[in-house]
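What follows is a set of notes on a single structure, which appears directly below.
The numbers here are math on the coordinates, done by the rules we state, and not lab data. Computed from a prediction, not measured in an experiment: that's the story for all the values here. Glycine also receives a Cβ, built like all others from the backbone with ideal geometry; neighbour counts cover every protein chain displayed.
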Amino acid sequence: EDGARVDVDEYEKDNARDFALWKAPKPGEASWQTSIGRGRPGWHIECSAMAEKHLGETFDIHAGGIDLIFPHHENEIAQSEGSHHKPLANYWMHNGFLQVEGEKMSKSLGNFVTIRELLAEKKVGNEQWHGRVLRLAMLGTHYRQPIDWTLDRLLQSRTMLMEWARLLHDTPSADALHDDVMSALSDDLNTPAVFTALHGLSAGARTSAEDRRRLKRALTFLGLYDGERDIDFMVGQTVDAGAVESLIAKRNAARKAKNFAEADRIRAELSDIGVAIEDGPSGTTWKVVS
């Protein structure tokens, strides 16, 4: 039906469903006088014109939200390729929507938050968040899929970074990225597959030195590790990995001497600085929890 999905313009179209290359002006809009009357460029042709001017008739990557596939990007293709008779872009990358705790992020719902605010203010979980925690929380979902931004997701990302940082303490980096990591990144930036490979490298209590080097190289490449000796993913509360390991060694010695009161005291001291410990067959592991 005319006007049902596309505004009917005063310029005559062969088909009302066609999109407009040139539109009649509305009050207050910029417009120009031409041989076919006064008007302005259509919304879609603006992007074709800017892309041609700044990137050329064909460029490498065109990105945008998944909601722009139709009609905007299809119309860009029709305009640009109809004009130049060559591809507009070699690759198209469309990102999924961002949700917060299962709901679409929007100012009207009051759940709108920016990266700058997460870094600087206590807006989620009453905490400030380290940039690498936010980065891991985003990279864990393929960019074409919707991301559900939740407090649990942030907590899990921080815990994982803590475990990796502890594992990689004083580990030299490998010379090259692991084949599985490169293969996943080459497959449409498949970051979830990257982390599957990284979990494989870090799994188990006896991770080999070579696996640790490969893990460190990949995390550094992804911007998730920068060689800090202090594990500081909790903004405002720096946890010294060396001090934690020293306290755990003292606790283990107290347990071996059956001085359980001292062992319990050290556990409480670790808890006070936000470190939880767990005893297992392969030894004592720890993570920052609060």
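Ranking request for peptides 104-112, 49-57: highest mean number of other beta-carbon atoms within 10 Å first, then the rest in descending order.
Those peptides, ordered most packed to least, come out 49-57, 104-112.
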note = Simple spin-label estimate for Asp187/Asp152, 7 Å along Cα→Cβ, in nm, reads 2.7 nm
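Taking K and R as +1 and D and E as -1, what net charge do the other residues with C-beta under 15 Å from the C-beta of Ala257 add up to?
Overall, the nearby charge balance is +4.
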query = Is segment 1-139 rounded, prolate or oblate when judged by the Cα gyration tensor, a ≥ b ≥ c being the square roots of its eigenvalues, rounded requiring a/c under 1.5 and prolate requiring a/b larger than b/c?
reply = prolate
key: Positive minus negative residues near Ala63 (Lys, Arg vs Asp, Glu; Cβ under 14 Å)   = -3
message = Just to check, using Stokes-Einstein with a Kirkwood Rh over alpha carbon pairs, what's the diffusion coefficient of segment 72-204 at 37 °C and 0.692 mPa s in µm²/s?
response = 185 µm²/s
ask   = Roughly speaking, what is the centre-to-centre gap between segment 179-224 and segment 252-290 when only Cα atoms are used, to the nearest Å?
value = 30 Å
request  = Project the alpha carbons of the chain onto their principal axes and report the range along each, largest first, in whole Å.
outcome  = 95, 42, 30
query = Just for the chain, what percent of DSSP beta bridges are antiparallel, to the closest 5?
reply = 65 percent
